[in-house]
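Student: The structure that follows is given in the form of structure tokens.
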Amino acid sequence: MSTLSLYDKVMATRDALRERIGDRSPVMALILGSGLGAIADAAEDAAVVSYDDLEHIPRSTVPGHAGQFVCGKIAGVECIIMSGRTHFYEGHDLSELTVGVRAMIALGARGVLVTNAAGGIHTEYRPGDLMCITDHMNLQWVNPLRGPNDDRLGQRFVDMSLAYDRELRRILAKEAAAKKLTLHMGVYAAISGPSYETPAEIKAMRTLGADAVGMSTVHEVIAARHQGARVIGVSLISNLAAGIEDAALSHEEVTLTANRTASRTIELLTAFIPKAAKELAKKPRNPAR
Ligand code: HPA
């Protein structure tokens, strides 16, 4: 077991990535959820680094998650992408799961775009819909910042009142409208998984104000805000949450829907990225107070 601090792991990962990507300077970091790996294929002139070659990045065991960093240009913008994520339910400490996003920010990424597949709780959502995350609920009840704080990464107490950047959300909504794509605005609730929710839990979450539910993302967003990056999140509604229909939930359904709708998602994000990069150049960091 490694005795390195979180900061040391982040810096070691940053340096290992730097060695392989050369002098590229990514301005946006992307984290791709289930079935959304195809976005990485759109990166031009790409350098690929497998998680297997990075000591401090836990590997994903979940089908549909590739397990590599891809650094390349999307619509002319230098991006660094985590294609495939590892989840809390796979047995890792939450802080370990933030090393990847932290290293991408340490490499210079000013904005982080997180994507995921999620179950739709809102009664008007349909499988295949996209939701821009306006806010989240951490129903995992653990926080990746638990433990000693390293001031070199960020402050002890992180403001989460505007975790999902308002301006980036506005840009995404505008691009969706221009493409006549439905883009819901909603609250993402994270549970630890890996079992899906019970109908009773979904009913409770709806009452609490959640619009979609998934097993990822919130720890990455908390870490990104800790490190001062601006964040935007997109959920692909891959299924209706438990109990909404009289049907069983399966990972196969989640990846099938994600794959079926991947091209629309890629089209939207490809249009969004250059506009977002312009905005990020205006205000590169938004330190958590
Ligand atoms: N619940 C939790 N996580 C998910 C779901 C769901 O219904 N769909 C995709 N990820």
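Student: Tabulate in residue order the Karplus-calculated ³J(HN,Hα) for region 240-254, using 6.51 cos²θ - 1.76 cosθ + 1.60 with θ = phi - 60°, rounded to whole Hz; enter x for Gly and Pro.
Tutor: Running phi through 6.51 cos²θ - 1.76 cosθ + 1.60 with θ = phi - 60° gives 8, 5, 3, x, 6, 10, 7, 9, 7, 9, 8, 5, 4, 5, 4 Hz.
Student: In square angstrom, rounded to the nearest 10, how much accessible surface does Arg169 have for a 1.4 Å probe?
Tutor: Near enough 40 Å² of accessible area.
Student: Can I ask one more? Please give the charge dipole size of region 4-76, origin at the Cα centre, charges +1 on K and R Cβ atoms and -1 on D and E Cβ atoms. Round to the nearest 20 debye. Don't jump to the answer; show the numbers that get you there.
Tutor: Values: 7 positive and 10 negative charges, 35 e Å.
The calculation lands at about 160 debye.
Student: Using label points projected 7 Å from each Cα along Cα→Cβ, tell me how many nm separate Leu162 and Ala177, to one decimal.
Tutor: For Leu162 paired with Ala177, the spin-label model returns 2.0 nm.
Student: Among Cys71, Met215, Pro199, pick out the residue whose Cα is farthest towards the positive end of the charge dipole of the chain, where Lys and Arg carry +1 and Asp and Glu carry -1 on C-beta, about the Cα centre.
Tutor: About the Cα centre, the residue reaching furthest to the positive side is Cys71.
Student: Let me ask another. Can you compute the charge dipole magnitude of the chain about its Cα centre, using +1 on each Lys and Arg Cβ and -1 on each Asp and Glu Cβ, nothing else charged? Give it in debye, rounded to the nearest 20.
Tutor: Roughly 1140 debye for the chain.
Student: Tell me, in nm to one decimal, what length is gained between Ala248 and Ala75 on full extension, where the rule is 0.36 nm per residue of separation less the Cα-Cα distance?
Tutor: 58.4 nm
Student: From the Cα gyration tensor of region 133-274, with a ≥ b ≥ c the square roots of its eigenvalues, which class applies: rounded if a/c is under 1.5, or else prolate if a/b is larger than b/c, or else oblate?
Tutor: oblate
Student: Here is a further query. Given the chain, what percent of its DSSP beta bridges are antiparallel, to the nearest 5?
Tutor: The answer is about 35 percent antiparallel.
Student: Distance cut-off 24 Å, Cα to Cα: go down the list Lys180/Lys275; Lys180/Lys283; Lys9/Lys283; Lys9/Lys278; Lys174/Lys278; Lys180/Lys282 and report the pairs above it. List each step's numbers first, then the result.
Tutor: Working: Lys180/Lys275 18 Å; Lys180/Lys283 29 Å; Lys9/Lys283 27 Å; Lys9/Lys278 31 Å; Lys174/Lys278 15 Å; Lys180/Lys282 28 Å.
Over 24 Å apart, Cα to Cα: Lys180/Lys283; Lys9/Lys283; Lys9/Lys278; Lys180/Lys282.
Student: For region 41-169, what class follows from the C-alpha gyration tensor (a ≥ b ≥ c being the square roots of its eigenvalues): rounded when a/c is under 1.5, otherwise prolate if a/b is larger than b/c, else oblate?
Tutor: Working: a/c = 1.27, a/b = 1.04, b/c = 1.22.
It comes out rounded by the Cα gyration axes.
Student: Tell me which GluC sites (Glu not before Pro) from region 187-282 have a DSSP coil assignment and no more than 15 other beta carbons within 10 Å of their own.
Tutor: Sparse-neighbourhood loop GluC sites (Glu not before Pro): Glu245.
Student: What is the gain in length, in nm to one decimal, between Asp23 and Asp41 on full extension, counting 0.36 nm per residue of separation less the C-alpha to C-alpha distance?
Tutor: Length gained, Asp23 through Asp41: 4.4 nm.
The values are calculated or read from the model by the stated rules, or taken from the named source; none is laboratory data. Keep in mind that this is a model prediction, so the values were computed, not measured. All Cβ positions, glycine included, derive from the backbone under ideal geometry; neighbour counts span all protein chains shown. Side chains are part of the model used for accessible areas, which takes the heavy atoms of the whole protein and leaves out ligands, DNA and RNA. Shrake-Rupley method; radii C 1.70, N 1.55, O 1.52, S 1.80 Å.
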